[in-house]
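Below is one structure, written out as structure tokens; comments come after it.
The values are calculated or read from the model by the stated rules, or taken from the named source; none is laboratory data. Everything quoted here is computed from the prediction, not taken from an experiment. Please note: Cβ atoms are built from the backbone with ideal geometry, for glycine as well, and neighbour counts cover all protein chains shown. Each accessible area value is taken on the protein alone, full model and side chains, heavy atoms only, with ligands, DNA and RNA left out. Shrake-Rupley method; radii C 1.70, N 1.55, O 1.52, S 1.80 Å.
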Amino acid sequence: WTLGFREMTEPWKGAVGCLGVAVFFAMTIGIISWQAVEQPPEEWVLRGRDAGMLWERGRGALLLRALPAGRPVLAIAVGSVPATEPPPPRDRCWHDGGQFCYSWEEDAELRLSLEPPAAPGTECYGVRWTPLRPDVTLKDCFSMANVSWYGGPSIRAQRWPLNEAESPAQPLVSGDLGTNPNGFGPVLERYFLGSTGVTVTVAPDVPLLLSVERHRQFCLETPAGRAEPLRYQLCVSADVAAAHRHAAGAPAGAARTRPDTALLGASPGISPPCRSPIWRYHGPEGSAAKIKRGLRSLVRRLKRHRLQEGVVALGERGTAVLTAAVRLSRHLGARGECGVPAARSPHSGLSCPQELVPSERRKRQAPALAGPLELSIALSPYAAVASPLFLRSLRGGEAAGYWLSHQPRAGGSSIPLLTTWKGQLCARLNVTSEAALGWYLARAQRLRQALGAAYVAFEGVEGNSFLEQDVPAPAELAGDGYAEVLAAALVTLGNGTVISAGTRSSHLPLFIQMSPLRSDWSHAGLKGLIPSVLHYSLLGYNFFIPDAVGGSVAGAAPGDPELFVRWLQIVTFLPVMAFGTPPWLCCDAWVLNLTRQCIQRHRDFVVPLILKYSEQWQSLGHPIFRPAWWLSPTDPAAFTVEDEFLIGDEVLVAPITGKGQRWRDIYLPGEGHLWLDTNTARVFDGGTTLRNYSASLAEVPVFVK
């Protein structure tokens with residue numbers, strides 16, 4: 001061969017050389033092609049005992065799968081790093097089998113960690129993204145493909161599951177849906193539950209934006225330009241019910257306590273015998289005398305219609321007018337709240353419960369207001385800037401730090417952070433000041449005693465005033481810190497306190513006032529009531545006060561008797577019944593009689609159930625009002641049932657929520673269980689769907705297991 005090659009002519013030598021080069025390139029291309037084709041599209045990056053995480057090369061996504069069968073649990077689309085660059089099996093944390101680390105140069109660093117064993121059958125992973133440049137926005141999107149999601153924030157037209165919702169990216173902070181209907185509502189937690197048995201929990205100190213794309217995904221991201229890490233925890237369990245039982249049963253740092261159960265209704269050993277339902281006062285409010293006459297008139301009418309038990313609830317304006325009437329005349333004379341004539345007093349605010357009358361006079365006044373019914377009053381942590389008290393505080397003195405203020409510069413003085421509340425320019429209570437909180441709570445307690453009120457409702461607890469004005473907030477008031485701190489402080493007023501927001505406070509003995517709903521049949525009205533019930537209870541807020549029967553926001557069907565009846569039938573099975581429009585004003589005599597029957601059913605049948613399952617909530621964290629999937633955690637048909645709910649494990653309520661309907665499909669959860677229709681005494685198998693089940697206007701389908 002050597003001699004033969006030497007004897008070759010130059011053209012032949014060139015040809016052989018070219019052939020060799022061609023073979024080399026062909027082999028190189030073949031090897032590269034083989035690697036690209038044969039390399040698996042998914043690669044394990046971290047494996048635990050019950051689950052593991054993979055990297056999907058094609059779209060740059062993290063996958064969570066349950067072991068040993070590899071059941072798909074979750075897909076997370078990574079939006080902050082190059083999707084085409086696959087990480088190697090181990091990069092920086094190869095020495096630690098419980099972690100996976102990878103760095104995209106000049107973009108972000110990813111660290112996955114296997115958390116300590118949480119509970120048998122549940123495995124958790126920590127996810128931490130760290131930006132390597134200030135302009136990198138970290139964003140992880142959680143797929144809704146084959147996963148139904150629950151939890152997170154309340155919204156205006158509440159949906160169950162969250163897959164039906166739509167929301168642009170905005171801070172995950174509680175807000176007032178009345179002033180910002182496209183924002184998030186007053187009850188939210190940084191907790192998301194997937195039907196595949198997965199939970200996503202974000203730490204409270206992480207600045208966070210949330211967006212929801214209907215039927216596609218929801219995304220968690222950090223604010224642009226903040227260079228803040230994105231941290232959250234993933235936990236996977238056998239099914240959705242097991243996942244929530246684990247999350248709800250995790251130690252919260254404080255024992256769960258239920259509020260005053262007398263507000264629910266009659267119960268043995270409770271005195272007075274009944275404090276339900278709530279009757280909202282909508283009479284004249286021009287003066288204290290007119291309010292007192294209006295209250296007496298309402299009480300007389302309730303007595304005439306044999307509805308003389310419960311609580312009469314005054315709004316903030318009415319409370320402000322009565323507050324002005326019980327002040328010492330030597331301080332404000334005939335002037336109303338904040339120096340405004342009582343007829344124009346906008347709200348009761350911070351500056352109202354002050355300089356109240358002596359206790360002997362209070363004792364004489366209290367029975368005349370709503371007796372024999374109890375009285376509820378309304379306050380808020382706001383004070384109008386025109387009030388003498390606020391103006392005095394600007395001049396310094398002991399009240400100088402009583403209001404939220406802009407962070408002063410070095411050597412500068414605090415400037416109050418002004419905001420609007422019910423159309424007025426106001427300052428807001430500084431809940432980080434012990435002196436301010438003590439001052440506020442003492443005056444609220446004195447006002448409660450002066451008016452003889454059994455309950456105090458605090459409005460305006462939700463929201464972040466600093467975030468609304470895009471100014472830096474103190475660390476303790478970041479996110480929903482304001483609502484959390486104020487809720488903890490209001491507990492000292494007793495367990496008859498009602499607040500308008502809930503975040504990280506479900507363990508406190510407080511009632512939560514639900515957001516107002518529209519007087520119509522939409523998801524912003526009646527159809528959104530049951531999804532709201534399931535949402536509140538899932539997040540731990542079981543003791544809520546629903547909106548008044550028929551809705552309190554003007555809608556497409558004001559004064560509709562059918563809407564009133566269907567609303568009444570649902571509220572009968574909730575913790576508290578509340579009325580805005582009395583039944584004798586909106587409807588015929590048979591509706592008035594139906595109202596009496598529903599109130600009695602609530603006291604005799606529903607309240608004992610709620611008290612029974614409240615003990616389970618206190619010890620285990622299980623919701624009182626449960627979705628259908630609680631008894632059928634692996635049945636896909638149960639994941640999207642939004643017009644039924646369970647009370648505990650033994651009662652299923654399936655009301656009508658559509659106008660003109662006299663039938664509906666009813667899903668009976670729990671394969672192997674039997675369900676008894678309380679209206680017809682018929683028995684049906686669980687795990688089935690009853691098609692076109694009839695329900696007249698006077699009936700609500702209720703089944704007992």
Checklist line | Of all residues making up the stretch 515-537, the number that are open to solvent by less than 20 Å² (accessible area, probe 1.4 Å) and either touching a helix residue (DSSP H, G or I) at 6+ places or on another chain (Cβ under 7 Å) or not in a helix (DSSP H, G or I) (or both) | finding: 8
Check: In the stretch 577-600, how many are over 14 Å from ILE545 (Cα atoms), open to solvent by less than 50 Å² (accessible area, probe 1.4 Å) and part of a loop (DSSP other than H, G, I, E, B)?
Finding: 2
Check: Exactly one of (1) open to solvent by 30 Å² or more (accessible area, probe 1.4 Å); (2) within 29 Å of ARG256 (Cα to Cα); (3) among the aliphatic types (A, V, I, L, M) is unmet by ILE545. Its number?
Finding: (1)
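Among strands (runs of 3 or more DSSP E) lying entirely in the stretch 114-207, which contain 1 or more residues that are under 22 Å from CYS101 (Cβ atoms) and in contact with a Gly (Cβ under 9 Å, 6 or more places away or on another chain)?
Qualifying strands (runs of 3 or more DSSP E): 123-131, 139-143, 198-202.
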Note to self: Contact list please: Cβ distance under 6 Å, first residue in the stretch 110-123 and of a type in the set (Val, Ile, Thr), second residue surrounded by 14 or more Cβ atoms within 10 Å (Cβ to Cβ), pairs at least six apart or on different chains.
What the structure shows: THR122/CYS235; THR122/SER237; THR122/HIS246
Margin query: Restricting to the stretch 203-235, give me the number of residues that are free of Cβ contacts under 8 Å to residues at least 60 places away in the same chain, open to solvent by less than 10 Å² (accessible area, probe 1.4 Å) and touching a Lys or Arg at 6+ places or on another chain (Cβ under 8 Å).
Written below: 1
Notebook entry, point to check: If you take the residues in the stretch 392-415 that are in a strand (DSSP E or B) and modelled with pLDDT of 85 or more, which one is nearest to SER465 (Cα to Cα)?
Noted result: SER405
Notebook entry, point to check: Looking at the stretch 425-454, which of the residues that are aliphatic (A, V, I, L, M) and open to solvent by 40 Å² or more (accessible area, probe 1.4 Å) is nearest to GLY401 (Cα to Cα)?
Noted result: ALA435
Item checked: Unique residue being under 27 Å from PHE639 (Cα atoms), at pLDDT below 95 and open to solvent by 10 Å² or more (accessible area, probe 1.4 Å) when the list is ALA248, ALA254 -> ALA248
Notebook entry, point to check: Tell me, which residue of the stretch 279-295 that is touching a residue at least 60 places away in the same chain (Cβ under 8 Å) and open to solvent by 10 Å² or more (accessible area, probe 1.4 Å) is nearest to the chain's Cα centre (by Cα)?
Noted result: ARG280
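Would you be able to say whether some residue in the stretch 564-576 is farther than 24 Å from GLU642 by Cα, touching a Phe, Trp or Tyr at 6+ places or on another chain (Cβ under 7 Å) and not in a helix (DSSP H, G or I)?
Within the stretch 564-576, not a single residue is farther than 24 Å from GLU642 by Cα, touching a Phe, Trp or Tyr at 6+ places or on another chain (Cβ under 7 Å) and not in a helix (DSSP H, G or I).
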Check: How many residues does the stretch 375-393 hold that are farther than 17 Å from ARG446 by Cα, open to solvent by 10 Å² or more (accessible area, probe 1.4 Å) and within 31 Å of the chain's Cα centre (by Cα)?
Finding: 1
